[in-house]
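J.: I have a structure I would like to understand better, so I am pasting it below and will then ask my questions one at a time.
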Amino acid sequence: MKTKEIILRYSMMMIGVAIMSLGIALSIKSDLGTTSISSIPYVLSLGIPVLTVGGYTIIFNLLLVVLQFVVLRKFEIKLFSQMVVCFIFGYFIDFMVWAISFLSPVSYLAKWVVCLSSCLVLAFGILIEIKSDITMLPGDAAISVLSDAINMEYGKFKPIFDSSLVIIAALMSLYFFGYLLGVREGTVAAAILVGLIMKFYQDFFGYKIDNYLENFN
């Protein structure tokens, strides 16, 4: 790739991660449960508040990088790039939570508006990050590595992986609080809707991004 294309793709990756972080922050603010990949860090930030949700996100994602290293049995350059993105992602989440701290939906309807907005934003961020084709977030990369290791299709293994994270987060929430906090109906909605919204984005304008990147010079 030429220098201009490298700069463009890295910029897209950073923008995508920033938008994804905003989506996660919105899901937190909705108070209806956050996304599956953020459920464990968020519950930990509530149950053991020595770190922010961004701080726990960094640790959780670094553990996913270690998991990939154990499965692959070698350290690849892509693992290093994922480690860098871990820190960017975590800091962005904390910044976005702070940036929208004014948002405090009260009614159940208002909470659903924020929750659905988070799905729209998160799906857009994921699409931009994927289109950059620079690196993957550790959560997605771990699914890819583990699905290859057990000879299962990515699309079939992802729901299993995501469901496992939600179950663990729910058990942690019950242990810390005695009731579900951070894992609610919004978590289920995100699991169902984000993929569908991404497909809509891809059909509506995603191919235009692909064409632009192919012809960029």
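J.: Report the longest stretch of the chain that contains none of the trypsin sites (Lys or Arg not before Pro) sitting in a DSSP loop with at most 13 other Cβ atoms within 10 Å.
T.: Numbers: sites that count: Lys2, Arg73, Lys74.
Longest run free of exposed loop sites: 75-217.
J.: Could you work out the longest stretch of the chain that avoids the GluC sites (Glu not before Pro) located in DSSP loops with at most 16 other Cβ atoms within 10 Å?
T.: No qualifying site falls inside 77-152, the longest such stretch.
J.: So what is the accessible area of segment 1-148 per residue, in Å², with the probe set to 1.4 Å?
T.: Details: 6840 Å² over 148 residues.
Dividing the accessible area of segment 1-148 by its residue count gives 46 Å².
J.: Turning to a different aspect of this structure: With respect to the cross-link table entries Lys74/Lys156; Lys111/Lys156; Lys131/Lys199, which display a Cα-Cα separation exceeding 23 Å?
T.: Working: Lys74/Lys156 26 Å; Lys111/Lys156 31 Å; Lys131/Lys199 13 Å.
With Cα atoms farther than 23 Å apart: Lys74/Lys156; Lys111/Lys156.
J.: Expressed as an acute angle from 0 to 90° and rounded to the nearest 10, what is the orientation of the C-alpha long axis of helix 3-30 relative to the principal long axis of the chain?
T.: The helix 3-30 is inclined about 10 degrees to the chain.
J.: Now for a separate question. With axes computed from alpha carbons, what is the tilt in degrees of helix 36-47 against the longest principal axis of the chain, rounded to the nearest 10 within 0 to 90?
T.: Between the helix axis and the principal axis of the chain, the angle is about 40 degrees.
J.: What is the calculated FRET efficiency for Ile192 to Leu8, with r their C-beta to C-beta distance and R₀ = 30 Å, to the nearest 0.05?
T.: Details: r = 33 Å, r/R0 = 1.08.
Approximately 0.40, to the nearest 0.05.
J.: Give me the number: length gained by fully extending Ser164 to Val84, i.e. 0.36 nm times residue separation minus the C-alpha to C-alpha distance, one decimal in nm.
T.: Going from the current span to full extension adds 26.3 nm.
J.: In whole percent, and with a 1.4 Å probe on the protein chains, what portion of the accessible area of segment 1-92 is carbon and sulfur?
T.: It is 75 percent, rounded to a whole number.
J.: Now for a different question. For the Cα atoms of the chain, what angle does the longest principal axis make with the long axis of helix 77-99, in degrees from 0 to 90, nearest 10?
T.: It is inclined by approximately 50 degrees.
J.: Which chymotrypsin sites (Phe, Trp or Tyr not before Pro) in segment 67-173 pass both tests, a DSSP loop state and at most 11 other beta-carbon atoms within 10 Å?
T.: On the way: sites: Phe69, Phe75, Phe80, Phe87, Phe89, Tyr91, Phe92, Phe95, Trp98, Phe102, Tyr108, Trp112, Phe124, Tyr154, Phe157, Phe161; in loops: Phe75, Phe102.
In loop regions of segment 67-173 (DSSP not H, G, I, E or B), the sparsely surrounded chymotrypsin sites (Phe, Trp or Tyr not before Pro) are Phe75, Phe102.
The values are calculated or read from the model by the stated rules, or taken from the named source; none is laboratory data. Computed from a predicted model, the values in this text were never measured in an experiment. A quick note on method: Cβ atoms are made from the backbone with ideal geometry, for glycine too, and the neighbour counts reach across all protein chains shown. For accessibility, only protein heavy atoms count, side chains too; no ligands or nucleic acids. Shrake-Rupley method; radii C 1.70, N 1.55, O 1.52, S 1.80 Å.
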